[in-house]
Amino acid sequence: MVQGVGFRPFLHRLAARLGLGGWARNTPAGVELEAEGPPQALAAFVRALREEPPPLAAVEQVEVQPLPACRGETAFAILPSAAGDAATLAAPDLAPCPACLREMADPAGRRYRYPFTNCTDCGPRFSILKALPYDRANTSMAGFLMCPDCAAEYADLGSRRYHAQPNACPACGPRAFYLDAEGRRMPGDAVALAQQALAAGLTVAVKGTGGIHLACDAANETAVLRLRRRKRRPEKPLAVLCRDLAAARRFCLVSEEEAALLASPRRPIVLLEKRPDVPSSALSENRRLGLLLPYTPLHVLLADGSAGGPAALVMTSANLPGCPVMTDNAEALAGLRGIADGYLLHDRPIVNRCDDSLVSLWRGREYFFRRSRGYAPQPLRMPDAAADGVLAFGAEQKAGFAAGRSRHVFLSQHIGDLKNAETLDHYRAALQTQLRLFGLAPRVLACDLHPDYFSTREAQAMAAERGLPLVRVQHHWAHMAACMADNGLSGPAFGLVWDGTGLGADGAIWGGECLRGGCDGFVRTGSIRPIPLPGGDAAVKQIGRTGLALTWDADLSAGTLDALPLLRALPGRAALQTMLEKGIACPGASSIGRLFDGVYALLTGRVDAGYDGQAPALLEALARPEVPGRAYPVAFYQDSGLRRFDTRPLTAALCADIAAGVPPAAIARGFMDALARMALEQCRALDPDKLPVVLSGGVFLNQYLLREVVRLLEEDGFAVYPHRRVSASDEGLALGQLAIAAAAQPTAFIKE
């Protein structure tokens, strides 16, 4: 990614510093150049290409060929682009660089407190892009004519704004404005008005780069609870934007590595451990909190407190339940009436919707929960071009697609749940945008095996319309292949794939699988005992049903059952019990995600889940480092060639402890420790050759479980590969579908 990111000016400055002559030009494949000078200076030049590129650049490969010295020149020229002039990649949106921040803080400068300051090293890219090549005319900056001063910077090879397409200043660029709750534009400084509203406990809609957010004072619990009530988000954690690292450390424990990730140009939301003196609050009932630092000049100004505004702001997507984040001013004014008390908006259109990325730190690098702003649409580099022309449609919940072109795989930004019509429209628009922007020409399509996924239906429709082959890929096989592709493994491998639900090759619900194989096929060798789900999908939300099913399956005594808080609180218990006994509408699910749901319901007496993944997240949060976990049994049995983990002894021991009043922290930790030991025992029994072990599925977003599984397996001599560049959840599933379809001149590779 070396076009439109200030790469040629970087080369010019580097050559001048080292006293080299030569030239550079853009080509359809990247940047081509010649350099001439002393060998030591040339070596330093090549080293800088690899190690010190501009912040927005991504140098994947440097090819060096020696040439006979012939000119002896010291001048370095930028030549016209070679034929084709294809800007092959587009940069993500990045946070303001130090130089732009210094400009914004300089009262004598022409960009003092200007909320749209940017240069070739920072600022909006993907969110404003309409078409390639990346020229101003192809962005939402096309309507803003540069003033003479900005135009001079744009044409100056020595300026860091040389060919910076969003270049602007207060005289010629976008403007921010503040509206009251009725949509009336208020006179005065827009940022100051927003700060005053936030300080007064009001909710303000704030337009950023990839979408509009709802903000309130994170330290004002009344304001936070009011925002929750208005947005109908009673429990799901809220992200907090902090003025700086000092403000972040008032909420969470922040290591130096986590601080570097927070302050990186990509500015993701980082999940961090709350400080011991920060109790469970309206922000999050979890032990972790998602923090981020300002990632646009407007956010920098909003959080600086200059007009008395808060140093920490709740920053949650402005959207109606289940819908994608809003991007349009008029849409926000209509849709947020009764939710927002004011609006800090601007007149630069958002072209491509892009939610915030969400990560944690794992062994010194990002571990993705959600890969979006700051990362999309930067593609993944693959070992070869096998995936060229393959388009994979992903899953339905946490939907995302993947498209191959040469050695790159383009992944969608965060999409959401396709069961919502507006989100499905977003999925379709994002897919068409990426196909058009990057010249992607699908020749093979891939989708999930589940016939009722909306993503599957989209794939079927495109296959019929374009006459393309469609490869249907079993859900958990795709997870395993995604993790293999993420780590550059060609196979074979052994997969531990733990998630909520996915359609199995046998028509049953899978979610706790041991798979052996690669992109050319797999064998299912192990699983867990299927858990009956009374009412099917209803049990996903009403987790008390799964808790009851676990106790029924374990055949617990009446005395133990009567001592469990859940069974005293569960409505319709008798009817559910009858369903279980007669096998009416109780499909079995070999799912670790559902096992977490049921155990959390038993442990807390909770009947319903407020949002997807709540029970597993809160069960993880119950564990405490200072409280040892209980030692629970790990048992197995053979079932039609599968080695199954037997949940019944574990359930019986857990329920006995609950009835006896054992602290929940000890039970929660003991439960997760038992799952980690189960993973080890399955690998010992089913992977005797010690094939590489890949870990995928949404359950591996659980950081405690991830850490313990990796520790136990590595101590036993296994090479373990968690995800690195995409999420372990269904968001990363499309990468596996793509890898399988790329390997496939297949018909069917599923073996039982």
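The values are calculated or read from the model by the stated rules, or taken from the named source; none is laboratory data. What you see is a predicted model; the values in this text were computed from it and never measured. Positions of Cβ are generated from backbone atoms using ideal geometry, with glycine treated the same way; all protein chains shown enter the neighbour counts. Surface areas here come from the heavy atoms of the whole protein model, side chains and all, with no ligands, DNA or RNA. Shrake-Rupley method; radii C 1.70, N 1.55, O 1.52, S 1.80 Å.
Structure summary
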{"quantity": "Cross-link partners of Lys582 among lysines (Cα-Cα below 23 Å; sequence separation of 8 or more within a chain)", "calculated": "Lys541"}
{"quantity": "In Hz, Karplus ³J(HN,Hα) per residue of segment 180-195 (6.51, -1.76, 1.60; θ = phi - 60°; x = Gly, Pro)", "calculated": "7, 4, 8, x, 8, 6, 9, x, x, 5, 4, 5, 4, 5, 5, 4"}
{"quantity": "Local electrostatic count at Ile78 - Lys and Arg +1, Asp and Glu -1, tallied over other residues with Cβ under 13 Å", "calculated": "0"}
{"quantity": "Mean-position separation - Cα centroids, segment 280-300 and segment 154-193, in angstrom", "calculated": "25"}
{"quantity": "Estimated vicinal HN-Hα couplings, Hz - segment 677-689 in sequence order (Karplus 6.51, -1.76, 1.60; Gly, Pro = x)", "calculated": "5, 4, 4, 4, 5, 5, 5, 4, 7, 9, 10, x, 7"}
{"quantity": "Accessible area, probe 1.4 Å, largest first, for residues Arg644, Arg405", "calculated": "Arg405, Arg644"}
{"quantity": "Karplus 3J(HN,Hα) series, Hz, for segment 710-718 with 6.51 cos²θ - 1.76 cosθ + 1.60 (x for Gly, Pro)", "calculated": "4, 4, 5, 5, 5, 5, 8, x, 8"}
{"quantity": "Segment 706-741 and segment 314-372: distance between their alpha carbon centers, rounded to Å", "calculated": "28"}
{"quantity": "Angle in degrees between helix 7-18 and the longest Cα principal axis of the chain, rounded to the nearest 10", "calculated": "60"}
{"quantity": "Set of lysines near Lys690 by C-alpha distance (under 28 Å), chain-local residues within fewer than 8 positions excluded", "calculated": "Lys751"}
{"quantity": "Residues with amide H under 5 Å from that of Gly416, placed H, sequence gap 5 or more", "calculated": "Lys398, Ala399"}
{"quantity": "Summed residue charge, Cβ within 13 Å of Leu262's Cβ, Lys/Arg positive, Asp/Glu negative", "calculated": "-2"}
{"quantity": "Under-5 Å amide H pairs with Ser317, H placed in peptide plane, nonlocal only", "calculated": "Leu214"}
{"quantity": "Cut-off 10 Å between beta-carbons: net charge of the residues surrounding Asp448, Lys and Arg +1, Asp and Glu -1", "calculated": "-2"}
{"quantity": "Cα centroid of segment 437-453 to Cα centroid of segment 477-539, whole Å", "calculated": "20"}
{"quantity": "Relative packing of 14-24, 282-292, which averages over residues the other C-beta atoms within 10 Å, highest first", "calculated": "282-292, 14-24"}
{"quantity": "Straight-distance crosslink candidates among lysines, where the alpha carbon sits under 27 Å from Lys207 and sequence neighbours closer than 8 are dropped", "calculated": "Lys130, Lys231, Lys236, Lys398, Lys419"}
{"quantity": "DSSP-defined beta bridges in the chain - what % are antiparallel, rounded to 5", "calculated": "70"}
